1. Between residue 429 and residue 157, what is the label-to-label distance in nm when each label sits 7 Å out along the Cα-to-Cβ direction?
2. Using the Karplus curve 6.51 cos²θ - 1.76 cosθ + 1.60 with θ = phi - 60°, work out ³J(HN,Hα) for each residue of the range 157-167 in order, rounded to whole Hz, and write x for Gly and Pro.
3. Ordering 118, 345 by accessible area with a probe of 1.4 Å, largest first, what comes out?
4. Can you list the residues, at least 5 places off or on another chain, whose amide H is less than 5 Å from the amide H of residue 308, using H built in the peptide plane?
5. Largest first, how would 109, 286, 428, 164 line up by accessible area (1.4 Å probe)?
6. In the full protein assembly as shown, how much of residue 430 is accessible to a 1.4 Å probe, in Å² to the nearest 10?
7. Please work out the C-alpha center-to-center distance from the range 496-548 to the range 398-477 and express it in whole Å.
8. Residue 185: accessible area at probe 1.4 Å, nearest 10 Å²?
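The values are calculated or read from the model by the stated rules, or taken from the named source; none is laboratory data. Keep in mind that this is a model prediction, so the values were computed, not measured. Here Cβ is always computed from backbone atoms with ideal geometry, including for glycine, and neighbour counts include all displayed protein chains. Heavy atoms of the whole protein, side chains included, go into the accessibility calculation; ligands, DNA and RNA do not. Shrake-Rupley method; radii C 1.70, N 1.55, O 1.52, S 1.80 Å.
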Amino acid sequence: MSSLPAQDPQTPAGLALATGRQSGRIHSSRSLRWSPRWSLAVSLLAVLLALPTLTIVSFVFVPAGEIWHHLADTVLKDYVVNSVTLLLGVGVLSMIIGVCTAWLTTLCEFPGRRVLQWALLLPLSAPAYIVAFTYSGMLDSSGPVQSLLRNVTGWSLGDYWFPEIHSLPGAVFILGLVLYPYVYMLARAAFLEQSVCVLEVSRTLGCGPWRSFLTIALPLARPAIVAGLTLVAMETLADYGSVQYLGVSTFTTGIFRTWFGLGDASAAAQLAAVLLGFIFVLVVLERLSRRRARYDHTSNKYSRLPRSRLKGGRGVAAMLFCLLPLTLGFLLPAGQLLLWALQTWHLALDFHFLLLLWNSLWLASVTAMIAITLAVFLAYAQRLNPQASVSIPVRLTGMGYAVPGTVLAVGMMILAGWLDNRVIGWLESCCNLNPGLLLSGTFIALIFTYLARFLSVSLNSAEAGFAKIKPSLDDAARVLGSSPGQIIRRIHLPVMRGTLITAGLLVFVDVLKELPATLVLRPFNFNTLAVRAYELAIDERLAEAASAGLAIVLAGLIPVILLSRSISRSRPGEGTNPVEQATTHQQ
(Lines give C-alpha, C1' and ligand atoms only; values in the text may rest on other atoms or scores of the structure.)
Protein backbone atom coordinates (compact mmCIF):
# COMPACT_ATOMS: atom_id res chain seq x y z
CA MET A 1 0.00 0.00 0.00
CA SER A 2 1.41 3.39 -0.98
CA SER A 3 2.12 6.03 1.62
CA LEU A 4 -0.69 8.43 2.49
CA PRO A 5 -0.62 11.64 0.46
CA ALA A 6 -1.23 13.59 3.65
CA GLN A 7 2.35 12.85 4.72
CA ASP A 8 3.67 14.99 1.88
CA PRO A 9 3.42 18.69 2.81
CA GLN A 10 3.26 19.61 -0.87
CA THR A 11 -0.06 17.81 -1.42
CA PRO A 12 -3.45 19.34 -0.50
CA ALA A 13 -4.02 16.66 2.15
CA GLY A 14 -0.56 17.30 3.55
CA LEU A 15 -1.39 20.97 3.83
CA ALA A 16 -4.56 20.05 5.69
CA LEU A 17 -2.60 17.97 8.22
CA ALA A 18 0.00 20.69 8.64
CA THR A 19 -2.71 23.25 9.26
CA GLY A 20 -4.33 20.95 11.79
CA ARG A 21 -1.07 20.38 13.64
CA GLN A 22 -0.38 24.11 13.77
CA SER A 23 -3.76 24.72 15.36
CA GLY A 24 -2.89 22.27 18.14
CA ARG A 25 -6.45 21.18 18.67
CA ILE A 26 -9.31 19.29 17.03
CA HIS A 27 -12.45 21.26 16.26
CA SER A 28 -15.56 20.05 17.98
CA SER A 29 -18.55 18.86 16.00
CA ARG A 30 -20.26 22.12 16.84
CA SER A 31 -17.65 24.08 14.86
CA LEU A 32 -18.36 21.95 11.80
CA ARG A 33 -21.96 23.09 11.60
CA TRP A 34 -23.12 25.39 8.84
CA SER A 35 -23.11 29.01 9.91
CA PRO A 36 -26.28 30.99 9.02
CA ARG A 37 -24.03 33.93 8.20
CA TRP A 38 -22.98 32.18 4.99
CA SER A 39 -26.61 31.89 3.86
CA LEU A 40 -27.21 35.53 4.71
CA ALA A 41 -24.08 36.67 2.84
CA VAL A 42 -24.96 34.61 -0.25
CA SER A 43 -28.55 35.88 -0.27
CA LEU A 44 -27.45 39.51 0.12
CA LEU A 45 -24.96 39.15 -2.73
CA ALA A 46 -27.60 37.58 -4.97
CA VAL A 47 -30.09 40.38 -4.25
CA LEU A 48 -27.41 43.03 -4.75
CA LEU A 49 -26.38 41.71 -8.16
CA ALA A 50 -30.02 41.34 -9.18
CA LEU A 51 -30.92 44.96 -8.31
CA PRO A 52 -30.44 46.36 -11.86
CA THR A 53 -32.69 43.64 -13.29
CA LEU A 54 -35.26 44.06 -10.52
CA THR A 55 -35.27 47.80 -11.20
CA ILE A 56 -36.23 47.12 -14.82
CA VAL A 57 -38.90 44.61 -13.79
CA SER A 58 -40.41 47.17 -11.40
CA PHE A 59 -41.18 49.50 -14.31
CA VAL A 60 -43.72 46.98 -15.59
CA PHE A 61 -46.02 48.31 -12.88
CA VAL A 62 -45.37 52.00 -13.68
CA PRO A 63 -48.28 53.62 -15.60
CA ALA A 64 -47.42 54.11 -19.26
CA GLY A 65 -46.66 57.68 -20.29
CA GLU A 66 -47.16 59.57 -23.53
CA ILE A 67 -43.81 58.52 -24.97
CA TRP A 68 -44.58 54.85 -24.36
CA HIS A 69 -47.93 55.21 -26.12
CA HIS A 70 -46.11 56.99 -28.98
CA LEU A 71 -43.61 54.10 -29.19
CA ALA A 72 -46.41 51.53 -29.12
CA ASP A 73 -48.25 53.28 -31.94
CA THR A 74 -45.22 53.85 -34.20
CA VAL A 75 -42.12 51.68 -33.74
CA LEU A 76 -42.88 48.94 -31.22
CA LYS A 77 -44.23 46.64 -33.93
CA ASP A 78 -41.03 47.10 -35.95
CA TYR A 79 -38.93 46.29 -32.88
CA VAL A 80 -40.86 43.07 -32.28
CA VAL A 81 -40.93 41.95 -35.93
CA ASN A 82 -37.26 42.74 -36.57
CA SER A 83 -36.12 41.14 -33.31
CA VAL A 84 -38.12 37.95 -33.92
CA THR A 85 -37.02 37.75 -37.58
CA LEU A 86 -33.41 38.29 -36.57
CA LEU A 87 -33.78 35.66 -33.87
CA LEU A 88 -35.18 33.04 -36.23
CA GLY A 89 -32.77 33.80 -39.07
CA VAL A 90 -29.66 33.71 -36.90
CA GLY A 91 -30.91 30.58 -35.13
CA VAL A 92 -31.49 28.65 -38.35
CA LEU A 93 -28.15 29.73 -39.87
CA SER A 94 -26.25 28.93 -36.68
CA MET A 95 -27.93 25.53 -36.35
CA ILE A 96 -27.15 24.50 -39.94
CA ILE A 97 -23.52 25.56 -39.74
CA GLY A 98 -22.89 24.46 -36.15
CA VAL A 99 -24.51 21.00 -36.25
CA CYS A 100 -23.20 19.98 -39.66
CA THR A 101 -19.62 21.07 -38.99
CA ALA A 102 -19.70 19.41 -35.55
CA TRP A 103 -20.81 16.13 -37.10
CA LEU A 104 -18.21 16.27 -39.88
CA THR A 105 -15.26 17.11 -37.59
CA THR A 106 -16.29 14.55 -34.96
CA LEU A 107 -17.35 11.45 -36.91
CA CYS A 108 -15.83 11.91 -40.36
CA GLU A 109 -12.24 11.85 -41.58
CA PHE A 110 -11.30 14.26 -44.36
CA PRO A 111 -8.36 16.52 -45.30
CA GLY A 112 -7.78 19.31 -42.77
CA ARG A 113 -10.10 17.91 -40.08
CA ARG A 114 -7.54 18.15 -37.26
CA VAL A 115 -7.06 21.86 -37.88
CA LEU A 116 -10.70 22.68 -38.61
CA GLN A 117 -12.02 21.00 -35.44
CA TRP A 118 -10.47 23.76 -33.30
CA ALA A 119 -10.31 26.55 -35.87
CA LEU A 120 -14.11 26.55 -36.29
CA LEU A 121 -14.33 28.18 -32.83
CA LEU A 122 -12.22 31.18 -33.85
CA PRO A 123 -15.20 33.42 -34.82
CA LEU A 124 -16.03 33.57 -31.10
CA SER A 125 -13.02 35.84 -30.61
CA ALA A 126 -14.42 38.53 -32.92
CA PRO A 127 -17.25 40.74 -31.57
CA ALA A 128 -20.19 41.02 -33.94
CA TYR A 129 -19.95 44.81 -34.24
CA ILE A 130 -16.32 44.57 -35.40
CA VAL A 131 -17.20 41.95 -38.02
CA ALA A 132 -20.14 44.15 -39.09
CA PHE A 133 -18.11 47.26 -39.82
CA THR A 134 -15.37 45.15 -41.44
CA TYR A 135 -17.85 43.62 -43.91
CA SER A 136 -19.39 47.02 -44.46
CA GLY A 137 -16.02 48.37 -45.53
CA MET A 138 -15.36 45.39 -47.79
CA LEU A 139 -18.79 45.25 -49.46
CA ASP A 140 -19.58 48.95 -49.67
CA SER A 141 -19.87 50.59 -53.08
CA SER A 142 -16.38 52.05 -52.65
CA GLY A 143 -14.99 48.89 -51.03
CA PRO A 144 -12.52 46.45 -52.59
CA VAL A 145 -15.14 43.86 -53.67
CA GLN A 146 -17.36 46.16 -55.73
CA SER A 147 -14.35 48.12 -57.00
CA LEU A 148 -12.82 44.89 -58.29
CA LEU A 149 -16.15 43.89 -59.84
CA ARG A 150 -16.40 47.19 -61.72
CA ASN A 151 -12.78 47.02 -62.89
CA VAL A 152 -13.21 43.48 -64.23
CA THR A 153 -16.57 43.97 -65.95
CA GLY A 154 -16.34 47.61 -66.93
CA TRP A 155 -19.68 48.34 -65.26
CA SER A 156 -20.49 51.58 -63.53
CA LEU A 157 -22.19 52.07 -60.19
CA GLY A 158 -25.89 51.34 -60.67
CA ASP A 159 -25.42 48.97 -63.62
CA TYR A 160 -25.59 45.88 -61.45
CA TRP A 161 -27.33 44.52 -58.38
CA PHE A 162 -25.31 43.86 -55.25
CA PRO A 163 -26.60 42.60 -51.87
CA GLU A 164 -26.96 45.34 -49.25
CA ILE A 165 -25.10 44.56 -46.03
CA HIS A 166 -26.89 47.40 -44.18
CA SER A 167 -30.13 45.44 -43.88
CA LEU A 168 -31.89 42.79 -41.83
CA PRO A 169 -30.54 39.92 -44.00
CA GLY A 170 -27.09 41.46 -43.62
CA ALA A 171 -27.47 41.41 -39.82
CA VAL A 172 -28.60 37.76 -39.96
CA PHE A 173 -25.54 36.93 -42.07
CA ILE A 174 -23.11 38.69 -39.71
CA LEU A 175 -24.56 37.39 -36.45
CA GLY A 176 -24.94 33.85 -37.81
CA LEU A 177 -21.26 33.73 -38.79
CA VAL A 178 -20.15 35.04 -35.39
CA LEU A 179 -22.50 33.05 -33.15
CA TYR A 180 -22.61 29.59 -34.78
CA PRO A 181 -19.65 28.40 -32.60
CA TYR A 182 -22.03 28.24 -29.60
CA VAL A 183 -24.01 25.52 -31.37
CA TYR A 184 -20.87 23.94 -32.81
CA MET A 185 -19.04 23.50 -29.51
CA LEU A 186 -22.04 22.09 -27.60
CA ALA A 187 -23.08 19.81 -30.46
CA ARG A 188 -19.52 18.55 -30.88
CA ALA A 189 -19.23 17.89 -27.15
CA ALA A 190 -22.49 15.91 -27.32
CA PHE A 191 -21.28 13.90 -30.32
CA LEU A 192 -17.98 13.15 -28.55
CA GLU A 193 -19.83 11.81 -25.50
CA GLN A 194 -22.07 9.45 -27.45
CA SER A 195 -21.59 5.74 -27.00
CA VAL A 196 -19.68 3.85 -29.66
CA CYS A 197 -22.03 0.89 -29.13
CA VAL A 198 -25.05 2.87 -30.35
CA LEU A 199 -23.26 4.00 -33.49
CA GLU A 200 -21.89 0.55 -34.24
CA VAL A 201 -25.32 -1.05 -33.81
CA SER A 202 -26.81 1.44 -36.27
CA ARG A 203 -24.14 0.55 -38.82
CA THR A 204 -24.72 -3.16 -38.23
CA LEU A 205 -28.39 -2.61 -39.07
CA GLY A 206 -27.40 -1.09 -42.41
CA CYS A 207 -27.49 2.62 -41.59
CA GLY A 208 -24.99 4.70 -43.48
CA PRO A 209 -23.24 7.74 -41.99
CA TRP A 210 -25.93 10.17 -43.15
CA ARG A 211 -28.82 8.03 -41.90
CA SER A 212 -27.04 7.40 -38.57
CA PHE A 213 -26.64 11.16 -38.20
CA LEU A 214 -30.32 11.90 -38.83
CA THR A 215 -31.87 9.03 -36.87
CA ILE A 216 -29.38 8.36 -34.04
CA ALA A 217 -26.80 11.06 -33.34
CA LEU A 218 -28.94 14.13 -33.99
CA PRO A 219 -31.86 13.16 -31.71
CA LEU A 220 -29.45 12.15 -28.94
CA ALA A 221 -27.65 15.50 -29.18
CA ARG A 222 -30.87 17.54 -29.22
CA PRO A 223 -30.59 18.87 -25.63
CA ALA A 224 -27.09 20.19 -26.30
CA ILE A 225 -28.16 21.73 -29.62
CA VAL A 226 -31.12 23.45 -27.97
CA ALA A 227 -28.82 24.81 -25.28
CA GLY A 228 -26.50 26.19 -27.95
CA LEU A 229 -29.40 27.76 -29.84
CA THR A 230 -30.58 29.37 -26.61
CA LEU A 231 -27.17 31.00 -26.16
CA VAL A 232 -27.30 32.18 -29.78
CA ALA A 233 -30.78 33.63 -29.24
CA MET A 234 -29.77 35.49 -26.08
CA GLU A 235 -26.67 36.92 -27.72
CA THR A 236 -28.75 37.97 -30.74
CA LEU A 237 -31.30 39.81 -28.61
CA ALA A 238 -28.50 41.40 -26.56
CA ASP A 239 -26.57 42.68 -29.58
CA TYR A 240 -26.46 46.44 -30.04
CA GLY A 241 -23.35 47.47 -31.94
CA SER A 242 -23.86 45.47 -35.12
CA VAL A 243 -27.61 46.08 -35.53
CA GLN A 244 -27.14 49.78 -34.80
CA TYR A 245 -24.35 50.05 -37.36
CA LEU A 246 -26.28 48.06 -39.98
CA GLY A 247 -29.42 50.17 -39.48
CA VAL A 248 -31.74 47.46 -38.11
CA SER A 249 -34.28 48.62 -35.53
CA THR A 250 -34.47 46.17 -32.62
CA PHE A 251 -35.23 46.43 -28.92
CA THR A 252 -31.64 47.31 -28.04
CA THR A 253 -31.45 50.18 -30.52
CA GLY A 254 -34.91 51.34 -29.41
CA ILE A 255 -33.82 51.44 -25.76
CA PHE A 256 -30.85 53.67 -26.64
CA ARG A 257 -32.95 55.99 -28.80
CA THR A 258 -35.63 56.31 -26.14
CA TRP A 259 -33.10 56.99 -23.39
CA PHE A 260 -30.73 59.36 -25.17
CA GLY A 261 -32.96 60.69 -27.96
CA LEU A 262 -36.26 61.19 -26.15
CA GLY A 263 -34.83 61.44 -22.64
CA ASP A 264 -37.47 59.20 -21.08
CA ALA A 265 -35.99 56.74 -18.59
CA SER A 266 -39.36 55.14 -17.80
CA ALA A 267 -40.17 54.33 -21.44
CA ALA A 268 -36.63 52.99 -21.99
CA ALA A 269 -36.99 50.79 -18.91
CA GLN A 270 -40.36 49.50 -20.12
CA LEU A 271 -38.83 48.59 -23.49
CA ALA A 272 -36.04 46.83 -21.60
CA ALA A 273 -38.68 44.96 -19.57
CA VAL A 274 -40.30 43.69 -22.78
CA LEU A 275 -36.89 42.52 -24.01
CA LEU A 276 -36.32 40.86 -20.64
CA GLY A 277 -39.60 39.01 -21.15
CA PHE A 278 -38.27 37.57 -24.43
CA ILE A 279 -35.13 36.38 -22.62
CA PHE A 280 -37.22 34.81 -19.84
CA VAL A 281 -39.30 32.87 -22.36
CA LEU A 282 -36.14 31.57 -24.04
CA VAL A 283 -34.68 30.40 -20.73
CA VAL A 284 -37.92 28.66 -19.74
CA LEU A 285 -38.18 26.92 -23.12
CA GLU A 286 -34.59 25.73 -22.87
CA ARG A 287 -35.18 24.35 -19.37
CA LEU A 288 -38.35 22.55 -20.47
CA SER A 289 -36.58 21.07 -23.48
CA ARG A 290 -33.76 19.81 -21.29
CA ARG A 291 -36.17 18.32 -18.76
CA ARG A 292 -38.15 16.44 -21.37
CA ALA A 293 -35.10 15.10 -23.17
CA ARG A 294 -33.12 12.83 -20.89
CA TYR A 295 -31.13 10.26 -22.77
CA ASP A 296 -28.83 7.63 -21.41
CA HIS A 297 -26.64 7.46 -24.46
CA THR A 298 -23.17 7.61 -22.95
CA SER A 299 -20.98 4.74 -21.98
CA ASN A 300 -18.72 4.17 -19.02
CA LYS A 301 -16.09 2.73 -21.35
CA TYR A 302 -14.82 4.90 -24.15
CA SER A 303 -12.81 4.15 -27.24
CA ARG A 304 -11.92 6.16 -30.25
CA LEU A 305 -15.03 7.08 -32.21
CA PRO A 306 -15.36 5.25 -35.55
CA ARG A 307 -14.94 7.93 -38.20
CA SER A 308 -16.16 7.53 -41.74
CA ARG A 309 -13.31 8.23 -44.14
CA LEU A 310 -14.47 10.60 -46.88
CA LYS A 311 -12.42 10.14 -50.02
CA GLY A 312 -12.12 12.06 -53.24
CA GLY A 313 -14.76 14.64 -53.96
CA ARG A 314 -16.69 13.93 -50.78
CA GLY A 315 -13.64 14.69 -48.64
CA VAL A 316 -12.98 17.90 -50.54
CA ALA A 317 -16.64 18.92 -50.21
CA ALA A 318 -16.55 18.31 -46.44
CA MET A 319 -13.37 20.35 -46.12
CA LEU A 320 -14.82 23.24 -48.13
CA PHE A 321 -18.09 23.16 -46.16
CA CYS A 322 -16.18 23.50 -42.87
CA LEU A 323 -13.75 26.02 -44.31
CA LEU A 324 -16.48 28.35 -45.61
CA PRO A 325 -17.88 29.58 -42.24
CA LEU A 326 -14.36 29.82 -40.82
CA THR A 327 -13.27 31.96 -43.77
CA LEU A 328 -16.34 34.20 -43.75
CA GLY A 329 -16.60 34.45 -39.96
CA PHE A 330 -12.94 34.94 -39.05
CA LEU A 331 -10.27 34.76 -41.74
CA LEU A 332 -11.68 37.44 -44.06
CA PRO A 333 -12.60 39.96 -41.30
CA ALA A 334 -9.30 39.39 -39.47
CA GLY A 335 -7.35 39.71 -42.70
CA GLN A 336 -9.12 42.97 -43.61
CA LEU A 337 -8.54 44.35 -40.10
CA LEU A 338 -4.86 43.47 -40.36
CA LEU A 339 -4.60 45.16 -43.76
CA TRP A 340 -6.28 48.33 -42.50
CA ALA A 341 -4.16 48.32 -39.35
CA LEU A 342 -0.97 48.14 -41.41
CA GLN A 343 -2.18 51.01 -43.58
CA THR A 344 -3.09 53.30 -40.67
CA TRP A 345 -0.68 52.25 -37.91
CA HIS A 346 1.04 55.67 -38.01
CA LEU A 347 -2.33 57.34 -37.29
CA ALA A 348 -3.73 54.85 -34.77
CA LEU A 349 -0.76 53.68 -32.72
CA ASP A 350 -0.13 56.80 -30.67
CA PHE A 351 -0.37 57.80 -27.00
CA HIS A 352 -4.16 57.91 -27.23
CA PHE A 353 -4.26 54.28 -28.41
CA LEU A 354 -1.96 53.23 -25.57
CA LEU A 355 -4.29 55.00 -23.14
CA LEU A 356 -7.27 53.14 -24.59
CA LEU A 357 -5.36 49.88 -24.29
CA TRP A 358 -4.50 50.62 -20.66
CA ASN A 359 -8.10 51.59 -19.83
CA SER A 360 -9.42 48.37 -21.35
CA LEU A 361 -6.82 46.13 -19.74
CA TRP A 362 -7.10 47.41 -16.19
CA LEU A 363 -10.90 47.55 -16.31
CA ALA A 364 -11.12 43.96 -17.57
CA SER A 365 -8.44 42.76 -15.14
CA VAL A 366 -10.10 44.28 -12.06
CA THR A 367 -13.48 42.88 -13.05
CA ALA A 368 -12.01 39.43 -13.68
CA MET A 369 -10.27 39.32 -10.29
CA ILE A 370 -13.41 40.41 -8.42
CA ALA A 371 -15.52 37.94 -10.40
CA ILE A 372 -13.18 35.05 -9.55
CA THR A 373 -13.20 36.02 -5.85
CA LEU A 374 -17.00 36.15 -5.71
CA ALA A 375 -17.32 32.95 -7.73
CA VAL A 376 -15.04 31.04 -5.34
CA PHE A 377 -17.02 32.36 -2.37
CA LEU A 378 -20.39 31.39 -3.87
CA ALA A 379 -19.25 27.99 -5.13
CA TYR A 380 -17.63 27.14 -1.79
CA ALA A 381 -20.74 28.25 0.11
CA GLN A 382 -22.80 25.92 -2.05
CA ARG A 383 -20.27 23.15 -1.44
CA LEU A 384 -20.58 23.59 2.33
CA ASN A 385 -24.36 23.73 2.26
CA PRO A 386 -26.06 22.48 -0.93
CA GLN A 387 -29.51 23.20 0.52
CA ALA A 388 -32.06 25.43 -1.21
CA SER A 389 -31.28 28.38 1.10
CA VAL A 390 -27.89 28.63 -0.62
CA SER A 391 -28.30 26.91 -3.99
CA ILE A 392 -31.21 29.12 -5.09
CA PRO A 393 -29.39 32.45 -4.44
CA VAL A 394 -26.28 31.05 -6.13
CA ARG A 395 -28.33 30.13 -9.20
CA LEU A 396 -29.86 33.62 -9.23
CA THR A 397 -26.42 35.24 -9.30
CA GLY A 398 -25.61 33.09 -12.32
CA MET A 399 -28.64 34.28 -14.30
CA GLY A 400 -27.08 37.65 -15.13
CA TYR A 401 -25.49 36.36 -18.33
CA ALA A 402 -28.97 35.88 -19.78
CA VAL A 403 -29.75 39.59 -19.29
CA PRO A 404 -28.58 41.86 -22.14
CA GLY A 405 -25.97 44.46 -21.28
CA THR A 406 -28.34 47.18 -22.48
CA VAL A 407 -30.99 46.13 -19.95
CA LEU A 408 -28.50 45.96 -17.09
CA ALA A 409 -27.04 49.34 -18.05
CA VAL A 410 -30.44 51.04 -18.05
CA GLY A 411 -31.36 49.42 -14.74
CA MET A 412 -28.05 50.46 -13.21
CA MET A 413 -28.41 54.05 -14.42
CA ILE A 414 -31.88 54.34 -12.87
CA LEU A 415 -30.78 52.68 -9.64
CA ALA A 416 -27.60 54.76 -9.34
CA GLY A 417 -29.51 57.99 -10.00
CA TRP A 418 -32.09 57.13 -7.35
CA LEU A 419 -29.41 56.32 -4.76
CA ASP A 420 -27.42 59.45 -5.58
CA ASN A 421 -30.49 61.66 -5.15
CA ARG A 422 -31.32 60.06 -1.80
CA VAL A 423 -27.77 60.31 -0.44
CA ILE A 424 -27.23 63.87 -1.66
CA GLY A 425 -30.60 64.97 -0.26
CA TRP A 426 -29.80 63.43 3.12
CA LEU A 427 -26.32 65.00 3.28
CA GLU A 428 -27.66 68.44 2.32
CA SER A 429 -30.36 68.31 4.96
CA CYS A 430 -28.13 66.96 7.74
CA CYS A 431 -24.64 68.31 7.02
CA ASN A 432 -25.20 70.99 4.37
CA LEU A 433 -22.88 69.06 2.05
CA ASN A 434 -23.20 68.23 -1.65
CA PRO A 435 -20.58 65.62 -2.60
CA GLY A 436 -21.86 65.30 -6.16
CA LEU A 437 -22.68 62.05 -7.92
CA LEU A 438 -21.39 59.06 -6.00
CA LEU A 439 -22.43 56.19 -8.31
CA SER A 440 -23.71 57.58 -11.60
CA GLY A 441 -20.98 57.81 -14.20
CA THR A 442 -18.38 56.10 -12.02
CA PHE A 443 -16.23 53.00 -12.33
CA ILE A 444 -18.12 51.48 -9.41
CA ALA A 445 -21.36 51.38 -11.38
CA LEU A 446 -19.59 50.13 -14.51
CA ILE A 447 -17.71 47.29 -12.78
CA PHE A 448 -20.81 46.35 -10.81
CA THR A 449 -22.76 45.97 -14.07
CA TYR A 450 -19.98 43.86 -15.55
CA LEU A 451 -20.12 41.60 -12.50
CA ALA A 452 -23.90 41.28 -12.68
CA ARG A 453 -23.61 40.17 -16.32
CA PHE A 454 -20.45 38.04 -16.38
CA LEU A 455 -20.22 36.52 -12.90
CA SER A 456 -21.92 33.36 -14.16
CA VAL A 457 -18.93 32.70 -16.46
CA SER A 458 -16.51 32.45 -13.53
CA LEU A 459 -19.12 30.81 -11.27
CA ASN A 460 -19.61 27.87 -13.63
CA SER A 461 -15.85 27.34 -13.81
CA ALA A 462 -15.46 27.55 -10.03
CA GLU A 463 -18.24 25.00 -9.50
CA ALA A 464 -16.57 22.65 -11.98
CA GLY A 465 -13.26 23.07 -10.15
CA PHE A 466 -14.78 22.31 -6.74
CA ALA A 467 -16.56 19.26 -8.17
CA LYS A 468 -13.16 17.69 -8.93
CA ILE A 469 -12.08 17.89 -5.26
CA LYS A 470 -13.41 15.12 -3.03
CA PRO A 471 -15.49 16.36 -0.06
CA SER A 472 -13.59 13.94 2.19
CA LEU A 473 -10.54 16.19 1.83
CA ASP A 474 -12.52 19.11 3.25
CA ASP A 475 -13.78 16.94 6.12
CA ALA A 476 -10.27 15.83 7.01
CA ALA A 477 -8.99 19.40 6.99
CA ARG A 478 -11.86 20.67 9.16
CA VAL A 479 -11.41 17.86 11.71
CA LEU A 480 -7.71 18.68 11.89
CA GLY A 481 -8.46 22.31 12.76
CA SER A 482 -8.58 24.21 9.47
CA SER A 483 -11.08 27.00 9.05
CA PRO A 484 -13.02 27.40 5.78
CA GLY A 485 -10.75 30.29 4.79
CA GLN A 486 -7.63 28.19 5.38
CA ILE A 487 -9.05 25.30 3.38
CA ILE A 488 -9.75 27.56 0.41
CA ARG A 489 -6.39 29.33 0.59
CA ARG A 490 -4.11 26.37 1.20
CA ILE A 491 -5.93 23.46 -0.45
CA HIS A 492 -8.58 24.46 -2.99
CA LEU A 493 -6.92 27.42 -4.68
CA PRO A 494 -3.68 25.54 -5.52
CA VAL A 495 -5.68 22.63 -6.96
CA MET A 496 -8.07 24.89 -8.91
CA ARG A 497 -5.44 27.32 -10.18
CA GLY A 498 -5.71 26.31 -13.83
CA THR A 499 -9.52 26.35 -13.76
CA LEU A 500 -9.63 29.79 -12.15
CA ILE A 501 -7.09 31.21 -14.60
CA THR A 502 -9.28 30.02 -17.47
CA ALA A 503 -12.36 31.53 -15.82
CA GLY A 504 -10.53 34.82 -15.36
CA LEU A 505 -9.52 34.86 -19.03
CA LEU A 506 -13.11 34.29 -20.12
CA VAL A 507 -14.40 37.16 -17.97
CA PHE A 508 -11.48 39.34 -19.10
CA VAL A 509 -12.33 38.92 -22.78
CA ASP A 510 -16.08 39.34 -22.22
CA VAL A 511 -15.46 42.67 -20.48
CA LEU A 512 -13.01 43.68 -23.20
CA LYS A 513 -15.69 43.08 -25.88
CA GLU A 514 -18.69 44.50 -23.98
CA LEU A 515 -20.09 47.56 -25.79
CA PRO A 516 -23.61 48.69 -24.71
CA ALA A 517 -22.98 48.68 -20.94
CA THR A 518 -19.70 50.53 -21.43
CA LEU A 519 -21.31 53.09 -23.73
CA VAL A 520 -24.01 53.93 -21.17
CA LEU A 521 -22.11 53.73 -17.87
CA ARG A 522 -18.52 54.81 -18.64
CA PRO A 523 -17.26 57.85 -16.74
CA PHE A 524 -16.94 61.17 -18.53
CA ASN A 525 -13.97 61.39 -20.91
CA PHE A 526 -13.20 57.68 -20.49
CA ASN A 527 -12.96 55.33 -23.47
CA THR A 528 -12.07 51.70 -24.10
CA LEU A 529 -10.98 49.85 -27.22
CA ALA A 530 -14.52 48.62 -27.83
CA VAL A 531 -16.06 52.10 -27.53
CA ARG A 532 -13.36 53.71 -29.67
CA ALA A 533 -13.69 51.10 -32.43
CA TYR A 534 -17.46 51.61 -32.45
CA GLU A 535 -17.20 55.43 -32.51
CA LEU A 536 -14.74 55.39 -35.39
CA ALA A 537 -16.90 52.93 -37.31
CA ILE A 538 -20.00 55.11 -36.82
CA ASP A 539 -18.00 58.03 -38.22
CA GLU A 540 -17.09 55.82 -41.23
CA ARG A 541 -13.40 55.91 -40.29
CA LEU A 542 -13.19 52.16 -40.69
CA ALA A 543 -9.47 51.88 -41.38
CA GLU A 544 -8.63 53.85 -38.23
CA ALA A 545 -10.92 51.60 -36.18
CA ALA A 546 -9.03 48.50 -37.33
CA SER A 547 -6.23 48.71 -34.74
CA ALA A 548 -8.64 48.75 -31.80
CA GLY A 549 -10.77 46.00 -33.34
CA LEU A 550 -7.75 43.82 -34.11
CA ALA A 551 -6.49 44.18 -30.52
CA ILE A 552 -9.84 42.91 -29.20
CA VAL A 553 -9.84 39.98 -31.63
CA LEU A 554 -6.29 38.97 -30.69
CA ALA A 555 -7.15 39.11 -26.98
CA GLY A 556 -10.12 36.84 -27.59
CA LEU A 557 -8.03 34.14 -29.27
CA ILE A 558 -6.50 32.85 -26.01
CA PRO A 559 -9.69 31.67 -24.25
CA VAL A 560 -11.08 30.35 -27.54
CA ILE A 561 -8.02 28.11 -27.98
CA LEU A 562 -8.29 26.93 -24.37
CA LEU A 563 -11.97 26.20 -24.88
CA SER A 564 -11.27 24.21 -28.01
CA ARG A 565 -8.64 22.09 -26.24
CA SER A 566 -11.05 21.43 -23.38
CA ILE A 567 -13.75 20.18 -25.78
CA SER A 568 -11.28 17.97 -27.66
CA ARG A 569 -10.23 16.30 -24.41
CA SER A 570 -13.78 15.85 -23.12
CA ARG A 571 -13.82 12.23 -24.33
CA PRO A 572 -11.22 9.83 -22.95
CA GLY A 573 -9.28 8.21 -25.75
CA GLU A 574 -9.56 11.21 -28.11
CA GLY A 575 -6.28 12.87 -29.01
CA THR A 576 -4.12 10.24 -27.24
CA ASN A 577 -1.76 7.63 -28.53
CA PRO A 578 -2.54 3.88 -28.39
CA VAL A 579 -0.39 3.35 -25.29
CA GLU A 580 -2.35 6.01 -23.40
CA GLN A 581 -5.63 4.49 -24.59
CA ALA A 582 -4.57 1.04 -23.38
CA THR A 583 -3.65 2.48 -20.00
CA THR A 584 -7.03 4.19 -19.80
CA HIS A 585 -8.89 0.95 -20.59
CA GLN A 586 -6.87 -1.00 -18.01
CA GLN A 587 -7.74 1.56 -15.36
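1. 6.3 nm
2. 5, x, 7, 9, 9, 9, x, 8, 6, 7, 7
3. Working: 118 105, 345 140 Å².
If we order 118, 345 from most to least accessible, we get 345, 118.
4. 108, 109
5. Values: 109 45, 286 15, 428 90, 164 110 Å².
Final ranking, largest accessible area leading: 164, 428, 109, 286.
6. 80 Å²
7. That distance is 19 Å.
8. 30 Å²
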